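Structure, as structure tokens:
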Amino acid sequence: LLDVRSSAADPETFERMVSATASIVVACRERGDRIRLVTTDGIDHTADTSAGCDAILDILALIAQTKTASVTLPMRVGRNGAEAGAMVLGHDSETLLASMQSGSSASRGTYVVRFGAAGARSNARPVRLASGRMIEIEPGDDFATAWARTVGR
């Protein structure tokens, strides 16, 4: 899940969020995983092949923030039998996290990557997930290092 709401992140942080999402897609492709990209503005694309993953990367190359995205849409879309997932969120993430926590089956296998606002250390409230899989990325932090440290691959 990629949060594309304009309120979720400033443009610089959003670019980092998109880059992190692309990195997750590539890592999953290399493992041979089935990949599903869902965004808060309604994109829902699944890939089983390398070409399908390339299509997701093309979507990410053109993605933009929007004021019309919904925090409730992704939770209505559901996980469609996924064993694990990743949510890439900006500093305005509390509503999405609250939705995920109350729906609990989504939280067990989900990594949450939350980016702090560019130019300032985040003052977002710490969140404890049932899975314990929260990755906080502050300005200047390297996503790949934080991901590898938490996920181990």
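The values are calculated or read from the model by the stated rules, or taken from the named source; none is laboratory data. On a predicted model such as this, the values are computed, not experimentally measured, just so you know. Neighbour counts are summed over all protein chains in view; Cβ atoms, including those assigned to glycine, are modelled from backbone coordinates with ideal geometry. In case anyone asks, the SASA skips ligands and DNA or RNA and just uses the protein heavy atoms, side chains included. Shrake-Rupley method; radii C 1.70, N 1.55, O 1.52, S 1.80 Å.
See the values below:
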quantity: Test: residue in the stretch 31-44 that is in contact with a Cys (Cβ under 6 Å, 6 or more places away or on another chain) and buried (at least 16 other Cβ atoms within 10 Å of the Cβ); calculated: yes
quantity: Filter result for Thr46 (in contact with a strand residue (DSSP E or B) (Cβ under 6 Å, 6 or more places away or on another chain), over 18 Å from Val151 (Cβ atoms) and assigned to a strand (DSSP E or B)); calculated: yes
quantity: Scan of the stretch 53-92 for residues that are part of a loop (DSSP other than H, G, I, E, B), at pLDDT 85 or above and open to solvent by 70 Å² or more (accessible area, probe 1.4 Å), ordered by number; calculated: Lys67
quantity: Every pair of residues 6+ apart whose Cβ atoms lie under 8 Å, when the first sits in the stretch 20-49 and is within 25 Å of Gly116 (Cα to Cα) while the second is part of a loop (DSSP other than H, G, I, E, B) and open to solvent by 40 Å² or more (accessible area, probe 1.4 Å); calculated: Ala27/Arg153; Arg36/Asn80; Arg36/Ala82; Leu37/Ile43; Asp41/Thr68
quantity: Scan of the stretch 113-153 for residues that are acidic (Asp, Glu) and either open to solvent by 80 Å² or more (accessible area, probe 1.4 Å) or modelled with pLDDT under 70 (or both), ordered by number; calculated: Asp142
